[in-house]
Amino acid sequence: MEIDKLKRVIRRNSLIDGSRRENDAEHSWHLAMMAMTLAEHAPPETDMSRVVAMLLVHDIVEIDAGDTFVYDPVAVEGQAALEGAAADRIFGLLPEDQGARLRTLWDEFEERRTPEARFARALDRLAPIIANHHNEGGTWPLYKVTADQVMEKVRLIEEGSPTLGEYAAGLVAGSVARGHLAP
């Protein structure tokens, strides 16, 4: 019952067709599918089932904390505390062993301490870049996001997958060239 609330958390990003904003449940599912289809871009020996599990769990805390827009420095500053408290509450609803397993996945994703977590985070950062590139800049112009700001996120993508980082950098350059992202 609790995770059904994730469907009500509306993100800043639009669907690729620009028809509406996506919700967190759609975002998490989409990332899990991206992990399965882009697995060849993960570091060797990456446990893809762990990546998929992390992606399905990573935004559950937004039920309480809400979605944080990655280009809002004030919101990002307080994000860790809000999400940590949300993780305590939400994972605490489960039997102890289940809650501990899911909390471990969430912590691993947040800390980016493993190849799996870095690849999962790369996909989390790549999806909005793809969407914005394909819908005339999407939220970038609305929030006056610049190419330099997006390239900071591309560095996180490169950390998890050099090939996907290169792809993302190309999308950024293409968006700038088309006038959909400020240089």
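Taken together, the values in this text are just the output of simple stated rules run on the coordinates, not laboratory data. If you're wondering where the values come from, they're calculated on a predicted model, not measured in any experiment. All Cβ positions, even for glycine, are placed from backbone atoms using ideal geometry, and neighbour counts span all protein chains on display.
Data for the structure
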item: Pick from region 23-33, criterion in contact with a strand residue (DSSP E or B) (Cβ under 7 Å, 6 or more places away or on another chain) and in contact (Cβ under 8 Å) with a residue 24 or more places away in the chain, ranking: farthest from Asn132 (Cα to Cα); result: Asp24
item: Test result for Ile10, in contact with a strand residue (DSSP E or B) (Cβ under 8 Å, 6 or more places away or on another chain) and not charged (D, E, K, R); result: yes
item: Count of residues meeting criterion [within 9 Å of Phe119 (Cβ to Cβ) and surrounded by fewer than 19 Cβ atoms within 10 Å (Cβ to Cβ)] in region 40-58; result: 2
